[in-house]
Amino acid sequence: MMTNEELWKAVLGEMELSLTRANFTTWFKNTSIISKDKNAVLVSVPNGFIKEWLENKFNKRILQSIRNHSPETREIKYTIGRPKVDLVKQDLSKMILDAELEDKPEADLDKDLDKATNLNRKYSFDSFVVGSNNELAHAAASAVTKNLGRLYNPLFLYGGVGLGKTHLLQAIGNKISSENRERRVFYVPAEKFTAEMVECIRNKTIEEFKNRYSKLDLLMIDDVQFIAGKERTQDIVFSTFNELYGKNKQIILSSDRPPQAIPALEERLRSRFQGGMVADVGAPEFETRLAILKLKASEKNYELTPEVLTYIATHIQKNVRELEGALNRVVAFSQIYNKAPDLKEVKNILNTYLSTPYRKTSPQTILKSVADFYSISLADLVKRSRKKEVVKPRQIAMFLLREETKLSFPEIGQKLGGRDHSTVIHACEKIRGEVSVDEPLKQELVLIKERIYNSFDK
Ligand code: ADP
Ligand code: MG
């Protein structure tokens, strides 16, 4: 007698044979048999998409496969549930991402890499969106390309992860090297610098290593905070720095924090890193996020519906890499399902991002944001007041509570002066209908959501 786990493993083994890797991963990861009786098997799946798909497209094959081992089985039921902890590896959105990556041949990832400079050609100034968050860094980067080694040396860019530091570094490098192929340009992540250095010490080729770096016209060391606490690496960075600096060769560094905040960085390096131009890169604001999304989508020849565009830009705030990740997931979804996701599906796809704490909101925040936005008092909004000017804000509050929280219709009615759930349903439907035809209303909602989600940052 097979255990449920053995049985499901056998089924998966058979399914795997008949599907592409990407498809198999997409549809069967995080599935398991959670119970089985004489006639029926209950299969747990991670979400509604997978459930629907397995029911409609794979049910017959799965049933056949199960019956090979358990002939009396008549029926499979699918249920959305948490897979057992040890089986949890990925969620749907991650799967979609995997599917997308798996479809991409290895060579494709490398084709943009220039061996001589270690630069990725896809990073350019043209593909970089300038906003108030990166204005200074961008201006400094651009100035450096016009005054190599003579204006800001070194240029030190710092900021949180996924905000465009590497992009800017590489954009400079690509511009300099494409203008003049004679120029020796080299980009290196500090981690790689260290690893190669260690290797060269071991092979007794460290002099060659130093030599190679001292001949450059432009050296970029990315994520330089990584050398902190590493004595030998700091030695070599220090001597390389002095060598290049003395010849007016350009040095550009990036870090996740400013020089004075890098712990265990030798003072002599700290003061050199601070000696040129230090510029920060922050998180983009809403308009910039919109612009970045539009640009990235058009690079992929993909068109986002305005609704989805606004949704992503509103909810993903802290990090451009996540913004891109969200877009990739949406694109992958479109490829897998052959249609653009609607808003509900987008929410599902982006679930992992949106469920992180800083993007959570509360009913109270929503009510307060709506009241503030329409300059009415919170009391008027939630009480049984019949004042005409509160009718629309109240409907919008109901709509947003429904969209942005897990509250049920009756619970929303409770929060708004004990109204009946049918009133809430009516309001939600009304607003949802209007949003699709009423551009100003749509904008209002975007702005209110901005308030809702930014209020947590303050
Ligand atoms: P960091 O090095 O700061 O961690 P990256 O430079 O790797 O961040 O940026 C992460 C991703 O976001 C990259 O794909 C990059 O192209 C993109 N990105 C970041 N900022 C911008 C921007 N202002 N315009 C366009 N793309 C951006
Ligand atoms: Mg980086």
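Any idea which of Ala340, Ala332, Ala379, Ala371 is within 20 Å of Tyr311 (Cβ to Cβ) and in a helix (DSSP H, G or I)?
None of the others qualify; the one that does is Ala332.
Here are Ile425, Ile396: which of them is farther than 22 Å from Arg289 by Cα, modelled with pLDDT of 85 or more and surrounded by fewer than 18 Cβ atoms within 10 Å (Cβ to Cβ)?
When all the criteria are applied, what remains is Ile425.
Determine if region 259-266 includes at least one residue that is modelled with pLDDT of 95 or more and farther than 22 Å from Lys146 by Cβ.
No, region 259-266 contains no residue that is modelled with pLDDT of 95 or more and farther than 22 Å from Lys146 by Cβ.
Taking the condition of being part of a helix (DSSP H, G or I) and either more than 10 Å from ligand 1 (Cβ to nearest atom) or not hydroxyl-bearing (Ser, Thr, Tyr) (or both), how many residues in region 269-309 meet it?
22
Given the conditions (1) free of Cβ contacts under 8 Å to residues at least 60 places away in the same chain; (2) within 16 Å of ligand 1 (Cβ to nearest atom), which single one is not true for Leu219?
(2)
Name the pairs: first residue in region 380-393 and touching a residue at least 60 places away in the same chain (Cβ under 8 Å) and farther than 20 Å from Cys428 by Cβ, second residue exposed (fewer than 10 other Cβ atoms within 10 Å of the Cβ) and among the small types (Gly, Ala, Ser), Cβ to Cβ under 7 Å, at least 6 apart or on different chains?
As it stands, the answer is none, since no pair meets every condition given.
Hey, among the residues in region 23-77 that are in contact with a strand residue (DSSP E or B) (Cβ under 9 Å, 6 or more places away or on another chain) and either in contact (Cβ under 8 Å) with a residue 60 or more places away in the chain or of a type in the set (Lys, Arg) (or both), which one's nearest to Asn4 (Cα to Cα)?
The residue in question is Lys36.
Looking only at region 146-169, which residues are touching a strand residue (DSSP E or B) at 6+ places or on another chain (Cβ under 7 Å), near ligand 1 (Cβ under 9 Å from one of its atoms) and among the small types (Gly, Ala, Ser)?
Gly159, Gly164
Being part of a helix (DSSP H, G or I) and within 16 Å of ligand 2 (Cβ to nearest atom) is the filter here, so list the residues in region 167-187 that pass it.
Once the filter is applied, which keeps residues that are part of a helix (DSSP H, G or I) and within 16 Å of ligand 2 (Cβ to nearest atom), region 167-187 yields His167, Leu168, Leu169, Gln170, Ala171, Ile172, Gly173, Asn174.
Could you please find all residues in region 399-422 being surrounded by fewer than 15 Cβ atoms within 10 Å (Cβ to Cβ), outside any loop (DSSP other than H, G, I, E, B) and either at pLDDT 95 or above or among the small types (Gly, Ala, Ser) (or both)?
The answer is Ser422, and nothing else.
Test of understanding: among Ala190, Ala139, which residue is of a type in the set (A, V, I, L, M, F, W, C) and within 13 Å of ligand 2 (Cβ to nearest atom)?
Selected residue: Ala190, the only one of Ala190, Ala139 that is of a type in the set (A, V, I, L, M, F, W, C) and within 13 Å of ligand 2 (Cβ to nearest atom).
Yes or no: Ala313 free of Cβ contacts under 8 Å to residues at least 40 places away in the same chain, assigned to a helix (DSSP H, G or I) and under 14 Å from Arg451 (Cα atoms)?
For Ala313, the condition - free of Cβ contacts under 8 Å to residues at least 40 places away in the same chain, assigned to a helix (DSSP H, G or I) and under 14 Å from Arg451 (Cα atoms) - is met.
Can you tell me which residue is farthest from ligand 1 (Cβ to nearest atom) among those in region 228-268 that are under 33 Å from the mean Cα position of the chain (by Cα) and assigned to a helix (DSSP H, G or I)?
Gln234
What is the residue count in region 147-162 for residues that are over 23 Å from Arg272 (Cβ atoms) and modelled with pLDDT of 95 or more?
0
If you check Ala291, Ala340, Ala332, which single one turns out to be under 26 Å from Gly160 (Cα atoms) and touching a residue at least 24 places away in the same chain (Cβ under 8 Å)?
Ala291
For Glu450, state whether it is out of contact with any strand residue (DSSP E or B) (no Cβ under 9 Å at 6 or more places or on another chain), closer than 22 Å to Ser375 by Cα and assigned to a helix (DSSP H, G or I).
Yes; evaluated as a whole, the condition is true for this residue.
For Ser214, state whether it is over 20 Å from Ser254 (Cβ atoms) and of a type in the set (Ser, Thr, Tyr).
So Ser214 passes the test.
Somewhere in region 152-166, is a residue of a type in the set (Val, Ile, Thr), within 16 Å of ligand 2 (Cβ to nearest atom), within 17 Å of Tyr213 (Cβ to Cβ) and not in a helix (DSSP H, G or I)?
Within region 152-166 (the criterion being of a type in the set (Val, Ile, Thr), within 16 Å of ligand 2 (Cβ to nearest atom), within 17 Å of Tyr213 (Cβ to Cβ) and not in a helix (DSSP H, G or I)), the answer is no, since none of the residues qualifies.
Does Glu196 satisfy the criteria of being out of contact with any Phe, Trp or Tyr (no Cβ under 8 Å at 6 or more places or on another chain), of a type in the set (D, E, K, R) and outside any loop (DSSP other than H, G, I, E, B)?
Judged against the criteria, Glu196 is not a match.
Across region 119-136, what is the number of residues that are within 16 Å of ligand 2 (Cβ to nearest atom) and in a helix (DSSP H, G or I)?
So the count comes out to 0.
The values are calculated or read from the model by the stated rules, or taken from the named source; none is laboratory data. Please read these numbers as outputs of a predicted model, since none were measured by experiment. Don't worry about glycine lacking a Cβ; one is built from the backbone with ideal geometry, like all the others, and counts go over all protein chains shown.
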